[in-house]
Amino acid sequence: MSFSWAPADLAADIAPVRAGGEDGAATHRYALTIPRHWDFLFPSGGVVTSAALRAAALTIDDPSYRLVSATSIFCEPIHAGDVVIDVEVLRAGGAAVQTRMHLHPPESAGAQVLATFARDRAGPDITGARMPSVPPPDACLDLLADDGKNPHLKAPFFANVDVRLARGTRFWTPDFVAGPARYARWFRYRRPQRDAAGRLDRLALPPIADTMPAALTHAIGPGPYRFHAPSLDLTVHVVDDTDREWVLVSVYARRARAGWAIGEAELWDDTGRLLAFASQAMFIRNVTGDPPVRDASESG
């Protein structure tokens, strides 16, 4: 691994400060400076989502309510720099609190985030999904190894995580071949993200869930075509907790067409526990080459 900067602490970087709206006002305002530490081309949409959720958690001010669902709509690209976060509590009940956040730079549309925070309750415990059969992190290739061509090393985001390849091939190497529209990587924060109970912080899940374009890259395969895939939206459903460090993010590009794509992700810990499910719509921005046509279904 070769980065010229130290890993950042997500919790510190998305900690907003109160900027008004106290004394029972319907809307609570917070201020935050989003650093360049979490950029791909712009700050990760998952990090933007987590920042809005942190402001919501401060407004709720009750740790028994924990994130179960969030949907972000990105109205325009959000650059690193100063933003405000307006939090509105839509409903506060005994079991759940629902909130709406508007995170935006001054005089900008920014992002709108809807979220539900809920308390644990008695109910059925059913397992319907099965973890992909992949090697454990220690048996997987380090995706941040410096071979002189690795594009990950140009993105500040990847300085903050360890990444191991669980399924797929490295798309910048000579052995890269087109495959199914699926990709799986193990992620671990280099600065551990823990809640007060020592569990992996649920608000640290959106940034690593927001990595779905890799499945589309794997489906397209080698060649002159290059693209960017800015997020139009991001939805994350959190269903369980873990005290483990590594999280498998298994992504699937269900369809790309007419300049748009949809993807989904399952997030698992290394004991086989499903932590979260995420989905996303992406805007496909062509950079070079002609957009390919390919059946990348596993049966195709």
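The values are calculated or read from the model by the stated rules, or taken from the named source; none is laboratory data. Just so you know, these numbers come straight off a predicted model, no measurement behind them. Please note: Cβ atoms are built from the backbone with ideal geometry, for glycine as well, and neighbour counts cover all protein chains shown.
So the values come out like this:
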| read-out | value |
| --- | --- |
| Residue selected from the stretch 69-88 under the condition small (G, A, S) and either part of a strand (DSSP E or B) or modelled with pLDDT of 95 or more (or both), by the criterion nearest to V47 (Cα to Cα) | S72 |
| Answer residue from the stretch 254-296, given it is basic (K, R) and farther than 20 Å from G168 by Cα and is farthest from the chain's Cα centre (by Cα) among those | R257 |
| Answer residue from the stretch 148-183, given it is charged (D, E, K, R) and free of Cβ contacts under 8 Å to residues at least 12 places away in the same chain and is surrounded by the most Cβ atoms within 10 Å (Cβ to Cβ) among those | K154 |
| Where a residue in the stretch 12-34 is closer than 16 Å to P105 by Cα and its partner, wherever it lies, is part of a loop (DSSP other than H, G, I, E, B) and at pLDDT 95 or above, with Cβ under 6 Å and at least six apart | Y30/P16; L32/P16 |
| The lone exception for A197 - which of (1) out of contact with any Lys or Arg (no Cβ under 8 Å at 6 or more places or on another chain); (2) among the hydrophobic types (A, V, I, L, M, F, W, C); (3) crowded, with 23+ Cβ neighbours inside 10 Å; (4) free of Cβ contacts under 8 Å to residues at least 60 places away in the same chain it fails | (3) |
| Out of Q98, Q112, sole residue that is without any contact (Cβ under 8 Å) to a residue 40 or more places away in the chain and either assigned to a strand (DSSP E or B) or β-branched (V, I, T) (or both) | Q98 |
| Entirely in the stretch 253-300, the strands (runs of 3 or more DSSP E) that have 1 or more residues that are in contact with a strand residue (DSSP E or B) (Cβ under 6 Å, 6 or more places away or on another chain) and free of Cβ contacts under 8 Å to residues at least 40 places away in the same chain | 260-269 |
| From R91, R54, R66, residue being within 17 Å of A11 (Cβ to Cβ), basic (K, R), modelled with pLDDT of 95 or more and out of contact with any Pro (no Cβ under 7 Å at 6 or more places or on another chain) | R66 |
| Enumeration of residues in the stretch 110-160 that are in contact with a Phe, Trp or Tyr (Cβ under 7 Å, 6 or more places away or on another chain) and among the polar types (S, T, N, Q) | N150, N160 |
| Condition check for A8: buried (at least 18 other Cβ atoms within 10 Å of the Cβ), modelled with pLDDT of 85 or more and small (G, A, S) | yes |
| Any hit, the stretch 227-247, residues being surrounded by 15 or more Cβ atoms within 10 Å (Cβ to Cβ), aromatic (F, W, Y), at pLDDT 95 or above and outside any strand (DSSP E or B) | yes |
| Hits in the stretch 52-75 - residues which are under 20 Å from A281 (Cα atoms) and either free of Cβ contacts under 8 Å to residues at least 60 places away in the same chain or more than 18 Å from the chain's Cα centre (by Cα) (or both) | C75 |
| Considering residues of the stretch 88-123 that are β-branched (V, I, T) and within 21 Å of the chain's Cα centre (by Cα) only, the residue surrounded by the most Cβ atoms within 10 Å (Cβ to Cβ) | V113 |
| Any chance W246 is over 17 Å from P180 (Cβ atoms) and either in contact with an Asp or Glu (Cβ under 8 Å, 6 or more places away or on another chain) or of a type in the set (D, E, K, R) (or both) | yes |
| Qualifying positions in the stretch 202-226 - under 14 Å from F187 (Cα atoms) and not in a helix (DSSP H, G or I) | D210, T211, M212 |
| Residues that are acidic (D, E) and surrounded by fewer than 17 Cβ atoms within 10 Å (Cβ to Cβ), drawn from the stretch 248-294 | D290 |
